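> Got a structure for you, questions after.
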Amino acid sequence: MSQHTESVVAHKHPSDFVGAKIGMWLFLFTEVLLFGGLFLLYAVYRAKYPVDFHLAATELDTFIGTVNTLLLLTSSLTVVLSIEALQRGNRKLSIGMLATTILFGLGFMVNKYFEWGHKIEHGLYPGSEKLLSHSQGEITFFQLYYAMTGLHGLHVLVGMAVLGGVLYFIARKPVNKEHMNPTILRRFQGAARLAVISDNGNELGTVARIDEDVRNIDIRISYEHGEKRFDPRNLIKLENSALYWHLVDVIWIFLFPLFYLIT
Amino acid sequence: MASHAIVETTHEENYLQYKGRHGGLWSWIFSTDHKRIGILYMIGMFAFFVVAITLGLLMRLEQLTMGPTIMQPSTYNKVFTLHGVIMIFLFIVPGITATFGNFFLPIQIGAKDVAFPRLNLFSWWLYVIGAVTALVAVFTGMADTGWTFYVPYSVRTGTNVTLAVLAAFILGFSSILTGLNFVTTVHRMRAPGMGWFRMPLFVWGLYATAWIQVLATPVVGITLLLIILERTLGIGIFDPALGGDPILYQHLFWIYSHPAVYLMVLPGMGVVSEIIPTFARRNIFGYKAIAYSSVGIALVGTLVWGHHMYTSGQSYTAAVVFSFLTFLVAIPTAIKVFNWVATLYKGSIRVELPLLYAMAFIFHFSIGGFTGLMNAAISVDVHIHDTYFVVGHFHYTMFGGTVFAMFGALYYWLPKMFGRMYGQKIGITAFVLQVIGFNMLYFTMMVMGYMGMPRRYYDHLPQFHDGHIIATVGSWFLVAGLFLMIGNLVWSVFKGAKAEDNPWGGTTLEWQIPSPPPLENFDKIPQVERGPYEHTPVEVSK
């Protein structure tokens, strides 16, 4: 029997970086439309109750709002630095910058917690007696405030979770896992063995015999742990998550003046 | 070289036989194969379709006599709400896109799968989660608001609106992910040589649909979310008592839900554009016009939502503008109809069930389209708003149009999907029953509506009694036809005669591969060198 070798690794999901980017931009587009509905409502009610909105906005703490704006803007910078570091193969710096980004996000949420807590303590929350004693425009302002900053806060949390996931991927020892093409596998069942062969044809080691019971083969390639080595697929994960983070940032940049600065 | 010989003689597994790493059910519900996902959607959707047909049948039965017949008025409200919610969110919005789109979009553009296979599986799981949420809502006090969930009633009613709305939200998310997957797929996965104007028209329909899914669904997402917030946290953004405006809800709702009707019908038009050239054995007439008109419908369709609100209190100017824009939709639609008819002209027509369904589509959709223009005219609409006329109209477009196109697609692609042929005679009997029953039911409804029969009413006045009897008897014919067809198709999938690879002489890529398709669709990614519907080889004159 002549021995023949074939490349058995099938890229079932080939990495298409441009495709992944298109997908992410489309998703961001849907997020913009999701918030767009709320901004539309804001615009209508603002036009309907200009004076009430002006009055209600004085109740918000511009200082906390400004600090939060600075936090988010700086976090956008650090996430970009994280991408840049990974592109240059500096995994440690990339991880550090990513962690800083998440910390900024956390700072934002902590501020938000105190800000909301303060309002709720003073009885300014949807359905509260104190709020209901205000004019209709002020009630609407606070309802929009809670709905919009609440949904935005949820997005900050999701963004932090996503960035945390990417951080895990980058920090992990890079491993490539590949599926063996099942149609090729079919031919081998019961009559073959799997071997690793180097460029010059030397057999580096026999892995296993493939008998009839084997239905599926995954090939894991673990890289030596090195400072500069990273799985290129992590870069697209990081870039896409950073895009999402920027979107969260941009939405806040609109929310901040609309709620805090219209006094 | 020996290895090549082995490769070629090996019988390749098709996607139905492939076992994968898990066996049995798991190899289906965790499969990222676009073909399996398409079939999973089909099973779920048809299960819900049968439920919603039954609900519709019960509603018609209730109207058979005056006064209470088989249910109480509050039950009737829940039944029509559930009928609408299931038919819209669980059946026709995923519809042709999620089933045949998933199955055939990658094959028709010469790809092995969609751009994001895992996301595709996730979409299906969201569909399942949404469906389960809807079922839980049914058994915990189903909403009685109608499928539109209009405020303030949806916020005040004691029935479980929150869960029903949450289900619609989750299903919308599933739809968005399918849409962005398909847009990316069409942009990135086309085989070499498959230029934009060599794509089959079904792909064009799906592409336009996918954009609507991406652009319109988030708006209804946030709107439904606000209803949930209003019911759970008291954030009454639409509540007049708290300074809100309920009409804004209607605007936001229809900003999605009107484009959604084009999202339902565009893939159906794509199917008809596939069937007609195949059975007329001719290149399609006006390929580019049909392709552009799909995009045109998608574009204009996003700007016409106000025609649902002529009687809701929007400004007169707005109503006139919306009316005008609505009339504009008729142009790309008519372009399609004329092109289909022109394709049949002087074709070598072979009459088979898929073509019959395509013809029924054109017939019903033309009626649905013309009555749509009547609805679009403000002065007429003020009289027929919220009557059976509107119900008849949208059933002509959605059911007589989209769903008949979907049945055509079932017959057209069944041999490809399962490698089996359907039972012809039973199929034709079912078709005749469906067409007779459908027209008896919905044409009568339109006539009654024009005479003043309001929709969603539990009871009717004596002058509408004869009409209701005709419509109810029609519903029996229709349902008999539907069950006969479904039974026939299920039987065919398992017991039908073996089908050839290309039983219809189709020219698009799915007919160039075996039936059922192999796991990875193509051994080698094809090189595309001609348009999708070139039936005769180009003659070279000397």
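> Which residues in the range B:268-295 have a backbone N closer than 14 Å to a point placed 7 Å from the Cα of B:I331 along the Cα-to-Cβ line?
Only B:292-295 fall inside the zone, counting backbone N under 14 Å.
> A further question follows. Could you check how much of the accessible area of chain B is carbon and sulfur, as a whole percent, using a 1.4 Å probe? Write out the running numbers ahead of the final one.
Values: 13970 of 20100 Å².
That fraction is 70 percent.
> Leaving out ligands and nucleic acids, note down the accessible area per residue over the range A:76-118 with a 1.4 angstrom probe, in whole Å². Can you show the working numbers first?
Numbers: 2140 Å² over 43 residues.
Ligands and nucleic acids excluded, the figure is 50 Å² per residue.
> To the nearest 10 degrees, how steep is helix B:424-451 against the longest Cα principal axis of chain B, on a 0 to 90 scale?
30
> Expressed as a rounded percentage, what relative contact order does chain B have, with Cα pairs under 8 Å and six or more residues apart? Could the numbers behind the result be given before it?
Details: 896 pairs, mean separation 94.8, N = 542.
This gives 17 percent for chain B.
> 5 Å is the cut-off here: which amide hydrogens, built 1.01 Å from N in the peptide plane, fall below it relative to B:M142, excluding neighbours closer than 5 in sequence?
B:N160
> Continuing with the same structure: Calculate one ³J(HN,Hα) per residue across the range A:30-45 by plugging θ = phi - 60° into the Karplus curve 6.51 cos²θ - 1.76 cosθ + 1.60, and present them in order as whole Hz with x for glycine and proline.
Each residue's phi maps through the Karplus curve to give 5, 5, 4, 5, 4, 6, x, x, 5, 5, 4, 4, 4, 4, 5, 6 Hz.
> Based on the Cβ-Cβ distance of B:I43 and A:I219, what FRET efficiency does E = 1/(1 + (r/R0)^6) give at R0 = 35 Å, to the nearest 0.05?
On the way: r = 34 Å, r/R0 = 0.96.
Taking R0 as 35 Å, the efficiency between B:I43 and A:I219 is 0.55.
> Still on this structure, I have one more. Using modelled amide H (1.01 Å from N, peptide plane; none on Pro or chain starts), what sits under 5 Å from the amide H of B:R420, excluding residues fewer than 5 places away?
HN-HN under 5 Å from B:R420: B:A499.
> Additional query: Please give the charge dipole size of the range B:18-145, origin at the Cα centre, charges +1 on K and R Cβ atoms and -1 on D and E Cβ atoms. Round to the nearest 20 debye.
Values: 8 positive and 4 negative charges, 94 e Å.
Result for the range B:18-145 is approximately 440 debye, rounded to the nearest 20.
> So, with +1 on the Cβ of K and R and -1 on the Cβ of D and E, and no other charges, what is the size of the charge dipole of chain B about its Cα centre, to the nearest 20 debye?
Working: 29 positive and 24 negative charges, 156 e Å.
Dipole size: approximately 760 debye.
> Helix B:201-232 versus the longest principal axis of chain B: what is the Cα-based angle in degrees, 0 to 90, to the nearest 10?
So the inclination is approximately 40 degrees.
> Tell me, what HN-Hα J-couplings in whole Hz come from the Karplus equation 6.51 cos²θ - 1.76 cosθ + 1.60 at θ = phi - 60° for each residue of the range A:158-169, using x for Gly and Pro?
4, x, 4, 5, 5, 4, x, x, 5, 4, 4, 4
> Further, regarding this structure: What is the sum of charges around B:D386, taking Lys and Arg as +1, Asp and Glu as -1, for the other residues whose C-beta is under 11 Å from the C-beta of B:D386? Write out the running numbers ahead of the final one.
On the way: positive: B:R455, B:R456; negative: B:D381.
Within the 11 Å Cβ shell, the charges total +1.
> Length gain on complete extension for the stretch A:D61 to A:A47, per 0.36 nm per residue less the alpha carbon to alpha carbon distance?
On the way: separation 14, 0.36 × 14 = 5.04 nm, distance 2.29 nm.
Contour length minus the Cα-Cα distance gives 2.7 nm.
> Here's another thing I want to ask about it. For an R0 of 41 angstrom, estimate the FRET efficiency from the Cβ-Cβ distance between B:V351 and B:V473 and round to the nearest 0.05. The partial results should precede the final answer.
On the way: r = 29 Å, r/R0 = 0.70.
Computed FRET efficiency for B:V351 and B:V473: 0.90.
> Under 16 Å from the 7 Å Cα→Cβ point of B:W28, by amide nitrogen: which residues of the range B:494-533?
B:494-495
> Over what distance in Å are the Cα centres of the range A:111-164 and the range B:469-542 separated?
Rounded to whole Å, the Cα centres lie 54 Å apart.
> How far apart, in nm, are the 7 Å Cα→Cβ label points at A:F114 and B:Q17?
In this crude label model, A:F114 to B:Q17 measures out at 6.8 nm.
> How tilted is helix B:465-495 with respect to the longest principal axis of chain B? Cα atoms for both, answer in degrees (0 to 90, nearest 10).
That works out to roughly 30 degrees.
> Mind checking the full-extension length gain between B:V490 and B:A342? Use 0.36 nm per residue of separation minus the Cα-Cα distance, one decimal, nm.
Working: separation 148, 0.36 × 148 = 53.28 nm, distance 3.46 nm.
Here the segment from B:V490 to B:A342 would lengthen by 49.8 nm.
> Summing both sides, how much accessible area is buried between A and B? Use a 1.4 Å probe and give Å² to the nearest 100.
Numbers: alone 15310 and 22000 Å², together 33480 Å².
Buried area (both sides, nearest 100 Å²): 3800 Å².
> For the range B:284-325 and the range B:404-455, write down the distance between their C-alpha centroids in whole Å.
27
> Continuing with this model, one more query. Starting from the Cα of B:V295, step 7 Å along the direction of its Cβ; do the same at B:I428; then give the gap between the two resulting points in nm.
Result for the modelled spin labels: 4.2 nm.
> Please compute the average number of Cβ atoms from other chains found within 10 Å of each residue's Cβ in peptide A:120-127. Walk me through the numbers before you get to the answer.
Values: counts 0, 0, 0, 0, 0, 3, 8, 5.
Mean inter-chain Cβ contacts per residue within 10 Å come to 2.
> While we're here: Would you mind working out the magnitude of the charge dipole of the protein assembly as shown relative to its Cα centre, with +1 at each Lys and Arg C-beta and -1 at each Asp and Glu C-beta, to the nearest 20 Debye?
Dipole of the protein assembly as shown, to the nearest 20 debye: 1320 debye.
> Report the relative contact order of the range B:371-467, percent, no decimals, based on alpha-carbon pairs under 8 angstrom and at least 6 residues apart.
Relative CO of the range B:371-467 lands at 44 percent.
> Along the positive direction of the dipole of the range B:2-541 (beta-carbon charges: Lys, Arg +1; Asp, Glu -1; about the Cα centre), which of B:I228, B:I367, B:G270 reaches farthest?
Farthest towards the positive pole: B:G270.
> Where the centroid of each part is defined by its Cα atoms, how far is the range B:174-227 from the range B:376-403 in Å?
27
> Quote the FRET efficiency, to the nearest 0.05, computed for B:V50 versus A:T263 with a Förster distance R0 of 60 Å and r equal to the Cβ-Cβ distance. Don't jump to the answer; show the numbers that get you there.
Numbers: r = 59 Å, r/R0 = 0.98.
Efficiency, from the Cβ-Cβ distance: 0.55.
> Related question: If each DSSP helix of 4+ residues adds -39,500 (n - 2.57) and the sum is divided by the residues in chain B, what number results at 222 nm, nearest 500 deg cm²/dmol? Intermediate values should be presented prior to the final figure.
Numbers: 18 runs with 342 residues, N = 542.
It lands at -21500 deg cm²/dmol.
> What relative contact order, as a whole-number percentage, does the range B:237-389 give when Cα pairs under 8 Å and 6 or more residues apart are counted? Mind dumping the intermediate values first?
Details: 143 pairs, mean separation 43.6, N = 153.
Once divided by the residue count of the range B:237-389, the mean separation gives 28 percent.
> At 0.36 nm per residue, minus the direct Cα-Cα distance, what do A:E203 and A:L106 gain on full extension? Give it in nm, one decimal, please.
Details: separation 97, 0.36 × 97 = 34.92 nm, distance 5.18 nm.
Full extension of this stretch gives 29.7 nm more.
> OK, next. Under 5 Å between amide hydrogens, which residues at least 5 positions from B:H535 or on another chain qualify, with H placed 1.01 Å from N in the peptide plane?
Amide H neighbours of B:H535, under 5 Å, 5+ apart: B:N283.
> Could you tally the net charge around B:I284, taking each other residue with its Cβ under 12 Å from the Cβ of B:I284, Lys/Arg +1 and Asp/Glu -1?
Details: positive: B:R281, B:R282, B:K288, B:K336; negative: B:E274, B:E534.
Around B:I284, the charge tally is +2.
> Then there is this: Enumerate the calculated ³J(HN,Hα) couplings along the range B:163-173 in order (Karplus 6.51 cos²θ - 1.76 cosθ + 1.60, θ = phi - 60°), each rounded to whole Hz, writing x wherever the residue is Gly or Pro.
5, 4, 5, 4, 4, 4, 4, 5, 5, x, 4
The values are calculated or read from the model by the stated rules, or taken from the named source; none is laboratory data. Treat the numbers as computed from the prediction; the structure is a model and nothing was measured. Neighbour counts are summed over all protein chains in view; Cβ atoms, including those assigned to glycine, are modelled from backbone coordinates with ideal geometry. Quick note on the areas: whole protein, heavy atoms, side chains included, nothing else; ligands and nucleic acids left out. Shrake-Rupley method; radii C 1.70, N 1.55, O 1.52, S 1.80 Å.
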